[in-house]
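The values are calculated or read from the model by the stated rules, or taken from the named source; none is laboratory data. Since we're looking at a predicted model, the values are computed, not measured. For neighbour counting, all protein chains shown are included, and Cβ atoms are generated from backbone atoms with ideal geometry for every residue, glycine included.
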Amino acid sequence: SPIAHPESETHTLFVRQDIQTPINASLPNVTIFATGGTIASQGTTNTQTIGYQVGLGVQQLVDAVPEILNISNIAGYQISNVDSGSVNQTISLKLAHQINEELAKDEISGVVVTHGTDTLEETAFFLELAVNSSKPVVVVGAMRPATALSADGPLNLLQAVTLAASENAKDRGTLISLNDRIGSAFYTTKNNANSLDTFFSTEAGQLGFFINQVPYFYYAPAAPLGVTHFNLTNATSLAQVDILYAHQDMDPALFNASYAAGADGIVVAGVGAGGMSSVASEAAESLFNATGIPMVSSHRSADGFVPSSEEGFTIGGGFYNPQKARVLLQMALTLGYDYDEIKELFAQSYPMP
Ligand SMILES: NC(=O)C[C@H](N)C(=O)O
């Protein structure tokens, strides 16, 4: 094995297995934080592409693609080993804290997070807001388990490390790298539950592409409009924000139920540009009038825009999809933003001409 000092230690919540490759002084240093997902999964046959189990550690991910060591020295941390549907605020806060610490070290060029693709965009957006560094943070996953014919994880990981080690990737915020594409964590969303190219086809999210494993960017570094960096250094937990999905005959009781279950904020994945039935809307408004709980309107369509209106009680989620609006609202509530500040925070991403 090219990995020099494997050691493992079991914590109650995190399986932590720190690895460090032999140091080659002429190479940059990249740290990998592994969280699980399909990229770390194994099936029972090489044709199994559903129903596989997560379980490979960061050591095995790196061992599968030794070419990585021609690009960068690697240190690795096992933060969790779960499907991304089970990634929670404990894991994302831990990631944010450790990544901020890691990137503050002069010798570190960038970091890679390996993650399941299902909620990858939520963690990537969370890191976009909670990590304060010009160095690259690259979040990567895979759509086929490591045991599959034509598994995509190894090349995706090689590309992610290449990107994290690249000077050209600096000052671009958190990046999502998958299947040759480089996307902005701010805008990229998972588009297909099964396809290898699942992070394709968002309106504003595509930043670049790998050609022969070299990252090419379409634009000079740029930050999305309205990006706010939050200091969560002292946060040990996050506010509770629920997403309610609008549809025909949406149950209006969901609003009170969500509040009664402890929600500090609610995001509505609305029909069209943030809509819901008049009955549901009345229930939402009476909860808002009674409690002042902030409610953000987003869209259940994959892409779109919901503005705030002057008279409405809901806050327009702008370009944020429901899951990203949830992360943003969660951070704002955790740091004590009031209703007007939250409205302003969302409006910042779409400055009016
Ligand atoms: N492609 C994937 O990674 C899916 C997997 N269920 C996850 O952990 O998100």
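A few remarks follow.
- In the set (1) loosely packed, with under 14 Cβ neighbours inside 10 Å; (2) on the phi > 0 side of the Ramachandran plot; (3) assigned by TED's automatic domain parsing to the domain that holds Ile99, Ser195 fails one condition alone, (2).
- Unique residue being out of contact with any Ser or Thr (no Cβ under 6 Å at 6 or more places or on another chain), at pLDDT 95 or above and crowded, with 16+ Cβ neighbours inside 10 Å when the list is Val139, Val161: Val139
- Considering only residues in region 108-128 that are of a type outside the set (A, V, I, L, M, F, W, C) and under 16 Å from Leu93 (Cα atoms), the one that is farthest from the ligand (Cβ to nearest atom) turns out to be Glu128.
- Scanning region 97-115 for residues that are surrounded by fewer than 24 Cβ atoms within 10 Å (Cβ to Cβ) and small (Gly, Ala, Ser) returns Ala104, Ser109.
- Residue satisfying condition, being away from the ligand (no atom under 11 Å from the Cβ), in the same structural domain as Gln213 (by TED's automatic domain parsing) and either part of a strand (DSSP E or B) or touching a Pro at 6+ places or on another chain (Cβ under 7 Å) (or both), within set Ile32, Ile68, Ile91: Ile32
- Pair list, Cβ < 7 Å and 6+ apart or interchain, from region 103-128 residues that are in contact (Cβ under 8 Å) with a residue 12 or more places away in the chain and within 16 Å of Leu158 (Cβ to Cβ) to residues that are away from the ligand (no atom under 16 Å from the Cβ) and among the polar types (S, T, N, Q): Ser109/Asn29; Val111/Thr31
So that you can scan it fast, the table gives a plain yes or no per residue for (1) over 19 Å from Pro22 (Cβ atoms); (2) of a type in the set (Ser, Thr, Tyr):
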{"site": "Asp63", "(1), (2)": "no, no"}
{"site": "Asp83", "(1), (2)": "yes, no"}
{"site": "Ser86", "(1), (2)": "yes, yes"}
{"site": "Ala104", "(1), (2)": "yes, no"}
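- When Gly51 is tested against (1) in contact (Cβ under 8 Å) with a residue 12 or more places away in the chain; (2) within 23 Å of Leu196 (Cβ to Cβ), only condition (1) is not met.
Okay, residues lined up against (1) among the β-branched types (Val, Ile, Thr); (2) closer than 16 Å to Gly265 by Cβ; (3) in a helix (DSSP H, G or I):
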position	(1), (2), (3)
Ala280	no, no, yes
Tyr320	no, yes, no
Ala325	no, yes, yes
Ser349	no, no, no
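- Residue-level analysis places Ala151 among those that are in contact with a Pro (Cβ under 9 Å, 6 or more places away or on another chain) and without any contact (Cβ under 8 Å) to a residue 12 or more places away in the chain.
- Checking each residue in region 139-174 for being under 14 Å from Val30 (Cβ atoms) and part of a loop (DSSP other than H, G, I, E, B) picks out Ala165, Ser166, Lys170.
- Residues in region 175-207 that are among the polar types (S, T, N, Q) and either part of a strand (DSSP E or B) or without any contact (Cβ under 8 Å) to a residue 24 or more places away in the chain (or both) were compared, and the one that is nearest to Val131 (Cα to Cα) is Ser184.
- Selection of region 129-158 for residues being within 16 Å of Phe200 (Cα to Cα) and over 17 Å from the mean Cα position of the chain (by Cα) yields only Asp152.
- Hey, Ile3 modelled with pLDDT of 90 or more and more than 16 Å from the ligand (Cβ to nearest atom) or not: no
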